[in-house]
Every structure is written in structure tokens, then in C-alpha cells.
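Participant: Let me begin by handing over the structure; questions about it come next.
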Amino acid sequence: MAGPGLTSFLNGEILGKYLNNQAFIRYYHPVAMVPWLYNGSTFISYEDEESIYNKSEYIKVNGLGGAMIWELSEDPSGILLDKLYHSLQYKNIFMSY
């Protein structure tokens, strides 16, 4: 638990229990470029490969020195970290910022 009324989910839990659950609708904020799920009463914000990729592009376009990661234990299979690592290895070809 992350605090009263807050729960922390593993990336695999989001994929397995919520993303494919028809009760939850996936939304994507076009400016913040982050996904969230909502079923009318429960709001779940999370990172996915698309949002990680977009953040890596932002880093490259703006000439930043790298990325800061708050919590890696929620990505035990390393899917998101791997996406970030590989996205930062290549010259930017996506220039939407």
C-alpha cells in the first residue's frame, strides 16, 4: 500500500487485471502523454511502453542529460526500464515537441 486509499500495482497486475478488464476504460492524455484507467469509481494512473517512449523522446529533443526513475520494483520484468534504455540509445526521429 502506498498510503490511505492508495494502492501500488505492479506493471503486470495492471496489464493482467485492469487493462483487459472491460469495466475499465483506458485514456491517454495528449499533452502529458500518460495513460490512465477509470471504471467510474477507481482511477489508476500508470506508465506503459508508449508513455516511456514519449518521455525518452522529450529527453532527447530537449537535450536533457537523462531520466530519473522513482520506483523500479513495480516493473519486475524490466519491460519499462528496457524500453527507456533502448529508446535513449537512438537518435531522435520523432520531433513533435
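No value in this document is a laboratory result; all are computed from the given coordinates. Keep in mind it's a predicted model, so treat the numbers as computed, not measured. Counting neighbours? That spans all protein chains shown, and the Cβs are built from the backbone with ideal geometry, glycine included.
Participant: How much length is gained if the chain between Leu64 and Asn20 is pulled fully straight, taking 0.36 nm per residue apart and subtracting their Cα-Cα distance, in nm to one decimal?
Facilitator: 12.4 nm
Participant: Given N residues in region 11-89, what is Rg(Cα) / (2.2 N^0.38 Å)?
Facilitator: Normalised Rg, Cα atoms only: 1.17.
Participant: To continue, here is another question. Convert each backbone phi in region 22-28 into a coupling constant with the Karplus relation 6.51 cos²θ - 1.76 cosθ + 1.60 (shift: θ = phi - 60°), then list the ³J(HN,Hα) values in order as whole Hz, x for Gly and Pro.
Facilitator: 5, 6, 9, 9, 8, 10, 9
Participant: Defining a contact as two alpha carbons under 8 Å apart and six or more residues distant in sequence, what relative contact order in percent does region 40-87 show?
Facilitator: 50
Participant: Report the calculated FRET efficiency for His29 and Ser73 (r = Cβ-Cβ distance, R0 = 30 Å), to the nearest 0.05.
Facilitator: Computed FRET efficiency for His29 and Ser73: 0.75.
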